[in-house]
Structure formats: structure tokens, C-alpha cells
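A short write-up of the structure that comes next.
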Amino acid sequence: MTRLSFAFAKPHPALVTFITAGDGDTTANLDALVAGGADVIELGMPFTDPMADGPAIQEANIRSLNAGTKTADIFALAAAFRKRHPDTPLVLMGYANPMTIRGGDWFASECNKAGVDGVICVDIPPEEDPELGPALRNAGIDLIRLATPTTDATRLPTVLNGASGFLYYVSVAGITGLQVAAQTSIDEAVARLKAHTDLPIAVGFGVRTPEQAANIARVADGVVVGSAIVELVAKHGANAAGPVRDYVASLKQAIVAARKV
Amino acid sequence: MTIAEPIPNSLRNQPDERGHFGQFGGRYVAETLMPLVLDLEREYRAAQQDPAFAAQFDDLLEHYVGRPSPLYYAERLTEEVRKNAPAGKGAQIWFKRDELNHTGAHKINNCIGQILLAIRMGKTRIIAETGAGQHGVATATVCARFGLPCFIYMGAKDIERQQPNVFRMRLLGAEVIPVTSGAGTLKDAMNEGLRDWVANVHDTFYIIGTAAGPHPYPELVRDFQSVIGKEARAQMLSRINRLPNLLVAAIGGGSNAIGLFHPFLDDKDVAMLGIEAAGHGLNAEHAASLAGGRPGVLHGNKTYLLQDEDGQIAEAHSISAGLDYPGIGPEHSWLKEIGRVRYDSVTDKEALAAFQLLCRTEGIIPALEPAHAIAAVEREAKKMDRDQIILANLCGRGDKDIFTVAEALGTSI
């Protein structure tokens, strides 16, 4: 059983949390996510041109790059995290260019060495899978694909072919952190996806409050929260660990309670 | 626009069915956009088979844009260059006058084609990015012509240096949205355009201004711009019954260049030269992706990019806002790799000198973008025999640039 499949096999839906690597005190913030009860951690790889992100994560990318974050630093953060937290799955999330600039095999091998469990690449759709997919699969790293409100039933098999770990449902057609999807549309979408796959379904984009997280947790296998945490890092700078831990704990509590209702 | 059957061993059959030009091109977009990009491709294939689409495109180009644009022998510029050339040297310089198009640049050719596609697809809202503002003006123009709401993303720095075009877009009814992220230039405007598109997929058509972006954009922009090369080729044959020895065009994303080059790609005796913007020089800040970059993925396609060793994209610099982009259309990357087209660069300083030279010798104020091509023409003509012919694309007029040029020359107006 992989760390990811173990995380989604718990009796409660998984809380998936995102922060941008190199923004604030990443080591302390990663520990705070675990302490708050995150089941899966997405570590964002900063990129100069984050086309799919809203203002919160765009600014986190800029802060990180301005602080001098290099790809090697991100793998060092990941490797150190793996030593401190042997069981918490860690997923790298980012854009194609930083992931493929030295070749897909290089990236997959670094992920493997650092103990990274999965990769989400925003701008490599299934049509461009050869860029990264085969290398990750050879290295035993899960390639986590995204499904969106525009992914219809005819396209879904294309998205699922080669996907593993979990399926990330992007609940709004838009960029990160801004709009909120209507709960009924999420319910319908998750039911539709579950008819096509046994992969766990994690739902994200625009999730901010414990109530929203709980509502999603009633239907999905996981809830992804990103921009709201990144905003706490922006607000509290080097001292974000406490607020991040408390916020994540409030989400976790709501998610765990949701399934008991 | 005519539908061409594939020619065996032709260089004009790219891209492949996945949108790749060799290793370049492709569809590197977020999943939300992927179904749209596939839809656009289906609709474009249908339009290519539809004689009514071609007829409407041709009709608008003739009666609205003012095509065909003239082919012009620049006699005094040729003489001027010969004065400083070795004996017997100094090729004849000809221009394809796309600066005489409605809106003052080649950009309108592509906008006509794309808005017809948007209407075919039932889209009701148009967005675009712009650097120099020429593509923004052309997009705002076709939106006014067809009565569609228009939103133009433009870098804050570009808004500052291209005020006349900003005002033009507003007069035409477009909303110009300043982009302050990054360096506030074309790359950042394109990011913001993509963010808008992903959030408004149901009703919005993104009119991309250059032969770049996810497949099928590089192909369809090239096809719409190929009117330049098709006309030029026919005009050359009918005027002097021969083809040029060398084609020259400036390259930012590369739409005017690919539009001129593509119809000539299978003419083995026609050499081609694409000119990137060398800004302050290739060892300083510049915008020459082929000269100073390497392959990577940005804005939906794989192509040569200015970037660091981690794949972080560098800021480009050029005095010409239209060339100020750290990437290049994927077909140019391919044409460079197979060696069919030669690429070189011209600095801000050289472009400024060529700008003034054309004003004085021919009574034509060029845009700063083709001023780069003209600088290269001067350089190349001196090496070529007098009976040889250079054809350069004069892809835009310089009215928009007079403030930038005045400032660079230390004059206030």
C-alpha cells in the first residue's frame, strides 16, 4: 500500500493541504500542516508564470522566487520532510517547465530520491503525457490528474488513462482561490466521476471554511485547501506555523465530524 | 484562404495531428481549457472545408482590410545601401506593405479569421492580450465591426509606452485591463488572458495575437497570416517574373514572419531570415529567444524560451513592445532546428537607426518591429549582388512609436 492509498483508506475523508515551497518558513509550515491533521500535503513548486493560479498563490510564487528558491531547495525540503514524517504522503504540484526542463526522467528520479509520492502538473494534459507520465510511472510516482467541470463523459476516460494516486476534481472553471462552487454541482460531479473510476476523488478550488470542507467531505474522498492556507502564510510571514496549524485543525475536525452525521 | 492538399516531402505540412512541429508546439494547457482547445480544432477543420468561410474571410480582407497590400521596390533605400556597399554589391530591396492595412499592421489578418471562428462557435465575448497594442487595436476593431464585447489585457508598462494605441482601443469600445503582475509586459498580459479564459470558458473566445499558444493556434494564426506570403509570391512573379533570393521579417512571437515565409518554404532557392530583438545586446537584456534561450514549455506550447537553469522564465527587453516576449512561435523553433530559416538579431540602437533611415529615404515611418527587419536588410543587402532581391515584410506603421522614438532620440514632443 502506498502512502497515498493509505491516506485515502482512513475512516474519514482525507484533508489535502497546499503550501508554496520557499514561501515563509516552509519547514515549520509543513510540520504545522501535519500537526493540524493534514492527511496529504501538496507542496507547490513556484513558477514565474502560474497561469492557472489566482492572486494568493501567484503572490506566494513571487515571494518564493524573490527569496531565491531553486528547484534543488524544493527537493531538499521534500527529503527533509520525508525524514521527519515517514508516513505523510507528499505531492509536488506545479507547472510543466520547471518539472521538465532537465527531462522527465531527471525529475522522476529526484522525486523518488526525495520520497515524493505523487506529482500534479497543471499544464500537462493527457495529450502531452509523454513529457512526464512514463518517467513518473517508471519511478513508481503517482501522476495525479485533474478533472474539471469542462471534462465531460467522453473525455473522462482520456483523463483517467494513466492517472493514479487520486483524482483531483477542480470544482470551478477558473483559477485558484477565487470562486466557490455550488455544493449541488460538486455532489453531481463526484457522483459522475465515481461512476467512471475507483480512484479516490479529492475536491478543491475555492474551499475556505470548515463548513464547506464538511459539505464536500460528505460526498468526496478528499478535500483540498490551498489559497486560504497560503493567505495565512502571507499574513503571518515567518510566524505562520501556529495559525496554519490551528486553521488546518479546524478543517480536519469538520471533515472527521462530517462522516459521523 | 484556400484549402491545400498535403504535398509529399513538403515543409508546409506541419504540425502533425497532435499539434507538434517536430518536438515543438503541442497543447500544454490546464484541463479546464483542454476541451475548448479540442473544440476549436474541430471548428477550424470544419471552417477549412467550408467555402463560405473562405469567401467571407477573403471578402473582408479585400474590402475591410484593404488587401492585397502593395509590393513595393524601395529604390532610394536600395541606392542608399549601395553607397556603403562593396563594388557590385547591394541587393534590390522590396517591401511587402502590410503597414498599409486597416489598423496599420498585419495583425488584422489574423483577427478577421479568428473572429469569424468565434462567431461560428457561438462565442459572445472576446478577449486578447497585447504588447505594442497593435493586436489589441486589431482585435478591438473586429469586435466593433461584429458587435462583440472586447476585453484586452495589456501590461501596465506597455500601457505607459503605447498610450495612442490604448486610446484607440477605448475609442473602438474595448475595455483595456492593465496587468501589473511580473514586469507588466506581453508575457504577463498573456498569463492574465489565460486566467480570464479559464474562468469564462462557456462564452469566451481568446483571440491570440501571434503564431504561438496551444495547438491549433500556431497553425491557424499562420494560415490566416499566410495571405502575406501568398500575395507577395504572386506579386513578385507577376511584376518581375522571379522569386526573391531572401525574405526578411522581424520576430516577436513570429506571426508576420511565418505569414511571409510559409508560402515560400518549398521554394528551395528562397533563403529566409528571421530577426529577433537583441534589445541592449545579446550579452545584456534582450528578447532573442532563439539566440539566447532553449526549449521549454510556456503559454500552451513547447518552444525556445528565455529562462534560467530551473526553467523560470526570464524577462525580455526590447525597445519595441511588440517584440518584448521571452518566447517564439513553435514553428520558428522547428524551422531553426531543421535549418530551413536562419535567425539573427538586431539591437534597439540598430533598429532606431533603420527606423530613421526608412523615414528619410522612402517617406515611410515604419513601426519599431519592422525597423528591426530593415536593419537586417541593410546588413544583408551589402553582402549580396546587385541583381539579387531581398523582400522584407513591412508589417506595421510607426505612428504608434513616435513617442518612444522621440524619447530615445532625446526629443520631447
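FYI, it's all coordinate maths here, none of it is from the lab. All figures in this text were calculated on a predicted structure; none of them were measured in a lab. Because the Cβ atoms are built from the backbone with ideal geometry, glycine has one as well, and the counts that use them run over all protein chains shown.
Here are a few things to note about the model shown:
- By the equivalent-ellipsoid construction on the alpha carbon gyration tensor, the protein assembly as shown comes out with semi-axes of 48, 25, 22 Å, ordered largest to smallest.
- Per residue, the convex hull around the alpha carbon atoms of the range B:49-164 comes to 154 Å³.
- Each DSSP beta bridge with both residues in the protein assembly as shown is either parallel or antiparallel, and the antiparallel ones are about 20%.
- Gained length - B:D387 relative to B:Q163, 0.36 nm times residue gap less alpha-carbon distance: 76.4 nm
- The range B:137-187: chymotrypsin sites (Phe, Trp or Tyr not before Pro) in DSSP loop, at most 15 other beta carbons within 10 Å: none
- Label zone of A:D246 (point 7 Å out along Cα→Cβ, amide N under 19 Å): in the range A:5-22 this covers no residue at all.
- Taking 37 °C and 0.692 mPa s as conditions, the range A:198-261 diffuses translationally at an estimated 268 µm²/s according to Stokes-Einstein applied to its Kirkwood radius (Cα pairs).
- Only lysines eight or more places from A:K252 in sequence, or on another chain, were considered; those with a Cα closer than 21 Å are A:K10, A:K260.
- Computed on the Cα trace of chain B, the radius of gyration divided by the Kirkwood hydrodynamic radius gives Rg/Rh = 0.94.
- Here the range B:171-233 is treated as a sphere whose radius is the Kirkwood value from Cα pairs; by Stokes-Einstein at 4 °C and 1.567 mPa s it diffuses with a coefficient of 94 µm²/s.
- Zone of A:R102's modelled label, taken as backbone nitrogen in the range A:136-154 under 16 Å from a point 7 Å along Cα→Cβ: A:136
- Positive-pole candidate from A:A67, A:I57, A:A249, dipole of the range A:3-260, charges at beta carbon: A:A249
- Semi-axes of the equivalent ellipsoid for the range B:39-95, Cα gyration tensor, largest first, Å: 43, 15, 7
- Inter-probe distance in nm under a simple model that places probes 7 Å from Cα toward Cβ, at A:T209 and B:R12: 6.2 nm
- Per-residue ³J(HN,Hα) for the range A:107-114, Karplus 6.51 cos²θ - 1.76 cosθ + 1.60, θ = phi - 60°, Hz, x for Gly and Pro: 5, 4, 5, 5, 4, 4, 4, 7
- Whole-angstrom Cα spans of the range B:127-266 along principal axes, big to small: 49, 32, 31
- Cα-Cα pairs of the range A:1-115 separated by more than 17 Å (percent): 55 percent
- Placing dummy labels 7 Å off each Cα toward the beta-carbon, the span from B:R294 to A:L178 is 3.5 nm.
- Normalising the Debye intensity of the range B:186-291 to I(0), with uniform scatterers on Cα atoms only, and taking log10 at q = 0.17, 0.20 Å⁻¹ returns -0.89, -1.05.
- Taking other residues whose beta carbon is less than 15 angstrom from the beta carbon of B:E80, and scoring Lys, Arg as +1 and Asp, Glu as -1, yields +3.
- Amide H to amide H, with H built 1.01 Å from N, B:G22 comes under 5 Å of B:D16, counting only residues 5 or more places away or on other chains.
- Summary of the geometry: the range A:184-255 and the range B:65-82, compared by the centres of their Cα atoms, lie 63 Å apart.
- Here the range A:52-123 is treated as a Stokes sphere of Kirkwood radius computed over C-alpha pairs; at 10 °C and 1.306 mPa s its diffusion coefficient rounds to 121 µm²/s.
- Most simply put, chain B has about 35% antiparallel DSSP beta bridges, counting only bridges with both residues inside it.
- Calculated Rg and Dmax of chain A using C-alpha coordinates, Å: 16.6, 49
- Once you reduce the range B:231-300 and the range A:73-101 to the center of their Cα atoms, the two points are 42 Å from each other.
- For B:V176, residues with placed amide H under 5 Å, excluding near neighbours: B:I152
- Charge tally for B:A189 (other residues, Cβ to Cβ under 9 Å; Lys, Arg +1; Asp, Glu -1): -3.
- Only helices enter the 222 nm calculation for the protein assembly as shown: every DSSP H run of n ≥ 4 contributes -39,500 (n - 2.57), and dividing by all residues gives -12500 deg cm²/dmol, rounded to 500.
- Peptides B:287-296, B:243-252 ranked from most to least packed give B:243-252, B:287-296, packing being the mean of other C-beta atoms within 10 angstrom over each peptide's residues.
- Those Cys residues of chain B for which no other cysteine Cβ falls under 4.7 Å: B:C111, B:C359, B:C395
- J(HN,Hα) series, the range B:43-52, from Karplus relation 6.51 cos²θ - 1.76 cosθ + 1.60, nearest Hz, glycine and proline x: 5, 5, 4, 5, 4, 4, 8, 9, x, 5
- Surrounding net charge for B:E331, when Lys and Arg each add one and Asp and Glu each subtract one, Cβ distance under 14 Å: +1
- Distance in nm between pseudo-label sites at A:A195 and A:A76 (7 Å out along the Cβ direction from Cα): 5.1 nm
- Centre-to-centre separation between the Cα atoms of the range B:108-124 and those of the range B:148-195: 20 Å.
- Neighbouring Cβ atoms from other chains, within 10 Å of the Cβ of residues in A:39-49, number 3 on average.
- Cβ-Cβ distance of B:Q48 and A:K10, R₀ of 45 Å, FRET efficiency by 1/(1 + (r/R0)^6): the value works out to about 0.25.
- 5 angstrom amide H check on A:M93, placed H, neighbours 5+ away: A:L43, A:G44, A:M45, A:I120
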